[in-house]
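Some notes on the structure that comes next.
We did not get these values from a lab; they are worked out from the coordinates using the rules stated. Only a predicted model underlies this, so the values are computations on that prediction, with no experimental measurement involved. Note that each Cβ is placed from the backbone with ideal geometry, even for glycine, and that neighbours are counted across all protein chains shown.
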Ligand SMILES: [Zn+2]
C-alpha cells in the first residue's frame with residue numbers, strides 16, 4: 001500500500017486546502033475554546049509545542065501525549081461536522097475516489113484481522129459492533145468473513161446510518177458516548193481512527209464499555225505521538241490536522257487512559273505501513289523542512305528495499321504512528 005492509493009495527491013491537497021479554510025471560518029470565536037487537561041492521562045501539566053492553523057498543541061509532561069488545548073467546545077465541533085465544506089468533500093469526492101483502494105488495502109485486511117481475533121478469542125458466531133460505521137465498508141467486509149453472527153454499526157450521522165441500513169445492516173443512531181447496556185451485549189467492539197478526533201476519549205471509552213459484555217473485547221486504532229512521522233515532522237506532519245486530529249496519545253498515556261476507563265490491555269502493536277512513505281512525500285512537497293540529514297537520506301533513498309526494511313523495523317518496534325490496541329472490559 002502506498003500513500004498515493006488512499007490519498008491521491010491532488011485530491012488530498014484540495015481536501016487539506018478546504019480543511020485549512022474551514023479551520024479558520026468555523027472556529028473564529030476562539031474565546032469560546034475550552035482549556036482541557038490531558039485528554040489521555042487526565043493530568044494538567046502542559047508544555048507548549050506549536051500552533052497550527054490557529055490551533056495550539058501542547059505536550060503532556062506527565063504522559064508525553066500531544067494534544068490541542070484550548071479546544072473548540074462540543075457544539076462548535078458538532079456544527080463543523082454538519083456544515084463544513086471539507087467534511088462534505090471528504091464524504092463525497094474524496095471518499096468516492098479512494099473507496100475501492102481503501103476497501104482492498106485497509107478494510108479487507110482489517111476484516112481478516114477481526115475474523116482472526118474471533119478464532120483466537122473464542123468469539124466465532126458472536127457479535128461485532130463498529131463504533132463509527134460510516135459508509136459501512138468494514139461492516140460489509142466483516143460480514144463476508146462469516147466470523148460473526150451479528151454485525152452492527154453505531155453512527156450519529158443520520159445520512160451515514162441510512163447508507164448502512166440500505167446495505168442491510170442494523171445501525172444504532174447515537175453517539176458512542178450515549179450507548180447503554182440495552183444496546184448490547186457485544187463480544188467485540190471496534191473503533192478505527194476515531195480516538196484522535198474526540199473531545200474526551202475517556203467518555204467515548206466509557207460508552208464502549210456500556211455495550212460490551214464483561215470480558216468483551218475492544219479493538220482500537222489511533223495515531224500516536226510516539227510515532228515516526230510525528231516525532232520527525234512535528235507541526236509539519238500532515239496528521240496534525242486541526243480540528244480533526246486533536247489527540248495524539250502516547251503509549252504510556254494510553255495505558256493510563258485504559259486503566260481509568262475499566263479496560264485491561266491485551267495487545268499493543270504498531271502495524272503501520274505508511275510512515276516512511278508519508279515522511280518521504282512530505283519532504284518532497286516541502287523541501288524547506290529541516291530534518292536530521294541521516295533520516296532525510298533514509299526516507300529519501302531510491303532503494304525501495306531499504307525503505308521497506310525501515311518501515312518493517314518501525315512497525316515491529318512499536319515506532320509507527322499507527323497504533324493498534326486490543327483491550328478487554330474488566331469484570332465489574
Ligand atoms: Zn497526559
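Per-structure values
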| quantity | calculated |
| --- | --- |
| Verdict on residue 188 being in contact (Cβ under 8 Å) with a residue 60 or more places away in the chain, crowded, with 17+ Cβ neighbours inside 10 Å, assigned to a strand (DSSP E or B) and in contact with a helix residue (DSSP H, G or I) (Cβ under 9 Å, 6 or more places away or on another chain) | yes |
| Scan of segment 245-296 for residues that are without any contact (Cβ under 8 Å) to a residue 60 or more places away in the chain, part of a helix (DSSP H, G or I) and either under 21 Å from residue 198 (Cα atoms) or within 16 Å of the ligand (Cβ to nearest atom) (or both), ordered by number | 255, 259 |
| Boolean, residue 102 is out of contact with any strand residue (DSSP E or B) (no Cβ under 6 Å at 6 or more places or on another chain), at negative phi and away from the ligand (no atom under 16 Å from the Cβ) | yes |
| Within segment 204-228, considering residues that are in contact with a strand residue (DSSP E or B) (Cβ under 9 Å, 6 or more places away or on another chain) and in a helix (DSSP H, G or I), the one surrounded by the most Cβ atoms within 10 Å (Cβ to Cβ) | 208 |
| Selection from segment 111-144 of residues that are within 24 Å of the chain's Cα centre (by Cα) and on the phi > 0 side of the Ramachandran plot | 132, 134, 136 |
| Residue among 48, 5, 10, 22 that alone is in a strand (DSSP E or B) and either away from the ligand (no atom under 16 Å from the Cβ) or exposed (fewer than 13 other Cβ atoms within 10 Å of the Cβ) (or both) | 48 |
| Test: residue 308 is within 16 Å of the ligand (Cβ to nearest atom) and surrounded by fewer than 16 Cβ atoms within 10 Å (Cβ to Cβ) | no |
| Unique match (being more than 25 Å from residue 272 (Cα to Cα), in contact with a helix residue (DSSP H, G or I) (Cβ under 8 Å, 6 or more places away or on another chain) and more than 16 Å from the ligand (Cβ to nearest atom)) among 86, 127, 133 | 86 |
